[in-house]
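Written below as structure tokens is the structure these notes are about.
The values are calculated or read from the model by the stated rules, or taken from the named source; none is laboratory data. Quantities reported herein were computed from a predicted structural model and do not represent experimental measurements. We place every Cβ from the backbone using ideal geometry, glycine too, and count neighbours over all the protein chains shown.
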Amino acid sequence: MKANQLTIKVSKSNDSSAKSVGVAVASNGTIAREIGMSRGQLEALGFEGKVGQTLILPNNKKQLTILVGIGESAKATADVLRTAAAALARASAKVVSLSTNLAVSGRGDRVANAQAVTEGLILATHRYDALKSDKNATSKLESVTLVAPGATNAAVARGSRRGETIADAVCLARDLANMPPAHLTAKMIAERAQKIGAETGVRVEVFNKDQLLAMGCGGIIGVNRGSVNPPRMVKISYRPGGARRGAKKSATKKSTAVKLPHLILVGKGVMYDSGGISLKPSNPDHAMMKADMSGAAAVLATMSTLKSLGCKNQVTAYMMCTDNLPSGSALAMGDVLTMRNGKTVEIHNTDAEGRLILADGLSLAAESKPDAIVDIATLTGACARALGPQMSGVMGNDQKFIDQVVAAAAATDEQTWQLPLERKYRTMIDSYIADMKNVGGTDAGAITAALFLDEFTAGRPWAHIDIAGPMWSDADAGWLQRGATAYGTRLLINLAENFKRR
């Protein structure tokens, strides 16, 4: 399973055959002699060593020397190096090979720095071009050598391998979210998940429409009513060695298995969201509604890495996948759905469908009594308007678990901001004929959506990540490419690896 085009290798010296050499330059301190220019000369050319700034120079070895800024040397963290690596990759787009010292140019942990550099290189060069007739429009860069002399070599190699695994997962999630609706239905993504599971060592179970009906998953069935493509729920299970499966102990021998911390991920997988009967306006921006399954894509990509990364926690995932389309059989305003946990929901807006399918997934997750549940979803325009395109909103019912989610976001440079789960607003989703309605009023839309989801967690520690803002980028920026961002993939990987139960 390889979704990126780059080959990354680590060497103790520069690759003499590389067509370009990338040299990290700080905005302070001395300039390396091999550059052949003073700081004053570089500044005269407009290069000051700011983070992500680049300057291309010819050298006498028939190579290009590409300078890339890393800012102040004392502040050159892994996040800085990821940004610098992305800028270096873009500046190297017209050459096929690159050799660089960037992985050993920052401060702090060499493994983390090499991981960040590898992520930046891969994510900046990745492009979903499956439907392009002209493949030459994308980067020509095929191979990168990370120069790591002496004792740093092993650490850089370890970090680069880890970075490649994670970046490849992000590329996978981007590809899935960028696919046109006809190219990736609920059935198709379920089949893709089965293939990925076989390749990456996780167990994948697929539940069809009849099974979901029998299970009482009224949310996903209701949303799917207007579509000719049937829904799918995909359950993915990762259990490292030593996890207990709940079997009875032998009468003569005690079990030595350890019950590991158990985290459950739930991803919104609306393969295309037209709004249903509450039809969205004919705005060209709504072409991005093919990416309304970005939460499910991030969950699948995350699960694909856990065995390779040696995750020590037990992780289960539910991908709730369906279209939301209008037709004569579509869900109507005023309809009432009965969810998996038995609660009833009156429909006041069919475009508030994500919470309906997540409700079934959260109910199933809670039945397993895990240590914590996190859902990720392109859920509300209200959250996007509040926080913009750079950060997600996080809410939940357990502050210690929310703190873990926020820490994972900070560690991966995927910004998030905690919003309050204000219980006083719960009355905004009261219904006079059902247990609740699926929308509140015009205010606090992100919060009332989270309050709705909380009704299906059975009190288990839970956090909700609303990625409606950062799920899409309108332009190349840093390590982001235009289109689906796969936001949350790296966050969830970090959370799964570092999760601690209370």
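Given the conditions (1) under 26 Å from residue 118 (Cα atoms); (2) at pLDDT 95 or above, report the number of the one that residue 429 does not fulfil.
That leaves (1) as the condition not met.
Which of the following residues is among the small types (Gly, Ala, Ser) and either over 21 Å from residue 294 (Cβ atoms) or free of Cβ contacts under 8 Å to residues at least 12 places away in the same chain (or both): 441, 396, 388? Give the steps one after another, and end with the answer.
On the way: 396 fails: either over 21 Å from residue 294 (Cβ atoms) or free of Cβ contacts under 8 Å to residues at least 12 places away in the same chain (or both); 388 fails: either over 21 Å from residue 294 (Cβ atoms) or free of Cβ contacts under 8 Å to residues at least 12 places away in the same chain (or both).
Answer to the selection: 441.
Can you find a residue in the range 64-74 that is surrounded by fewer than 21 Cβ atoms within 10 Å (Cβ to Cβ) and in a helix (DSSP H, G or I)?
yes
Please specify each residue of the range 16-33 satisfying the condition of being under 13 Å from residue 144 (Cβ atoms) and either within 35 Å of the chain's Cα centre (by Cα) or among the basic types (Lys, Arg) (or both).
To start, the set of residues in the range 16-33 that are under 13 Å from residue 144 (Cβ atoms) comprises 17-22.
Within the range 16-33, 18, 19, 20, 21, 22 qualify.
Identify, please: which residue in the range 423-449 is small (Gly, Ala, Ser) and touching a strand residue (DSSP E or B) at 6+ places or on another chain (Cβ under 6 Å) and is, among those, farthest from residue 219 (Cα to Cα)? Talk me through it step by step, then tell me what you get.
In the first step, residues of the range 423-449 are kept if they are small (Gly, Ala, Ser); the result is 431, 434, 440-441, 444-446, 449.
From the residues that got through so far, the ones that are touching a strand residue (DSSP E or B) at 6+ places or on another chain (Cβ under 6 Å) too are 431, 434, 446.
Numbers: 431: 17, 434: 14, 446: 19 Å.
That would be 446.
Quick check: is even one residue across the range 326-347 at pLDDT 95 or above, touching a Pro at 6+ places or on another chain (Cβ under 9 Å) and surrounded by 16 or more Cβ atoms within 10 Å (Cβ to Cβ)?
Restricting attention to the range 326-347, the residues satisfying the condition of being at pLDDT 95 or above are 326-347.
Right, trim to touching a Pro at 6+ places or on another chain (Cβ under 9 Å) and you get none.
Looking for residues that are at pLDDT 95 or above, touching a Pro at 6+ places or on another chain (Cβ under 9 Å) and surrounded by 16 or more Cβ atoms within 10 Å (Cβ to Cβ), one finds none in the range 326-347, hence no.
Residues are listed down the side, and each one gets a yes or a no for (1) within 23 Å of residue 305 (Cβ to Cβ); (2) surrounded by fewer than 23 Cβ atoms within 10 Å (Cβ to Cβ); (3) in the same structural domain as residue 302 (by TED's automatic domain parsing):
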site: 117; (1), (2), (3): yes, no, no
site: 120; (1), (2), (3): yes, no, no
site: 155; (1), (2), (3): yes, yes, no
site: 163; (1), (2), (3): yes, no, no
site: 180; (1), (2), (3): no, yes, yes
site: 191; (1), (2), (3): yes, yes, yes
site: 200; (1), (2), (3): yes, yes, yes
site: 203; (1), (2), (3): yes, yes, yes
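Of the residues that make up the range 270-293, is at least one crowded, with 24+ Cβ neighbours inside 10 Å and over 21 Å from residue 381 (Cβ atoms)?
Taking every residue of the range 270-293 in turn, none turns out to be crowded, with 24+ Cβ neighbours inside 10 Å and over 21 Å from residue 381 (Cβ atoms).
Suppose we filter 337, 331, 362 for residues that are more than 30 Å from residue 164 (Cβ to Cβ) and within 20 Å of the chain's Cα centre (by Cα); which single one remains? Reasoning before the result, please.
Values: 337 fails: within 20 Å of the chain's Cα centre (by Cα); 331 fails: within 20 Å of the chain's Cα centre (by Cα).
Exactly one residue qualifies, and that residue is 362.
Cβ contacts < 7 Å: first residue of a type in the set (Val, Ile, Thr), restricted to the range 109-133; second residue at pLDDT below 95 and surrounded by 24 or more Cβ atoms within 10 Å (Cβ to Cβ), any location; separation 6+ or different chain. Result?
Close Cβ pairs (under 7 Å, with a partner that is at pLDDT below 95 and surrounded by 24 or more Cβ atoms within 10 Å (Cβ to Cβ)) amount to 125/141.
Is it the case that residue 137 is at pLDDT below 90 and out of contact with any Asp or Glu (no Cβ under 7 Å at 6 or more places or on another chain)? Step through it out loud before you land on a result.
Working: at pLDDT below 90: yes; out of contact with any Asp or Glu (no Cβ under 7 Å at 6 or more places or on another chain): yes.
Here the answer is yes, as residue 137 does meet what is asked.
Would you check if residue 144 is at pLDDT 95 or above, within 17 Å of residue 486 (Cβ to Cβ) and either assigned to a helix (DSSP H, G or I) or more than 15 Å from the chain's Cα centre (by Cα) (or both)? Quick ask: steps written out before the conclusion?
Details: at pLDDT 95 or above: yes; within 17 Å of residue 486 (Cβ to Cβ): no; either assigned to a helix (DSSP H, G or I) or more than 15 Å from the chain's Cα centre (by Cα) (or both): yes.
No.
Within the range 1-57, restricting attention to residues that are hydroxyl-bearing (Ser, Thr, Tyr) and assigned to a strand (DSSP E or B), which residue is modelled with the highest pLDDT?
As a first pass, look at the range 1-57 and keep what is hydroxyl-bearing (Ser, Thr, Tyr): 7, 11, 13, 16-17, 20, 27, 30, 38, 54.
Then drop every residue that is not assigned to a strand (DSSP E or B), which leaves 7, 11, 20, 54.
Details: 7: 93, 11: 92, 20: 90, 54: 97.
Looking at residues that are hydroxyl-bearing (Ser, Thr, Tyr) and assigned to a strand (DSSP E or B), I get 54.
Of all residues in the range 1-60, count the ones that are in contact (Cβ under 8 Å) with a residue 24 or more places away in the chain and of a type outside the set (D, E, K, R).
33
Given (1) over 17 Å from residue 492 (Cα atoms); (2) assigned to a helix (DSSP H, G or I), identify the lone condition not met by residue 405.
With (1) over 17 Å from residue 492 (Cα atoms); (2) assigned to a helix (DSSP H, G or I) applied to residue 405, the lone miss is (1).
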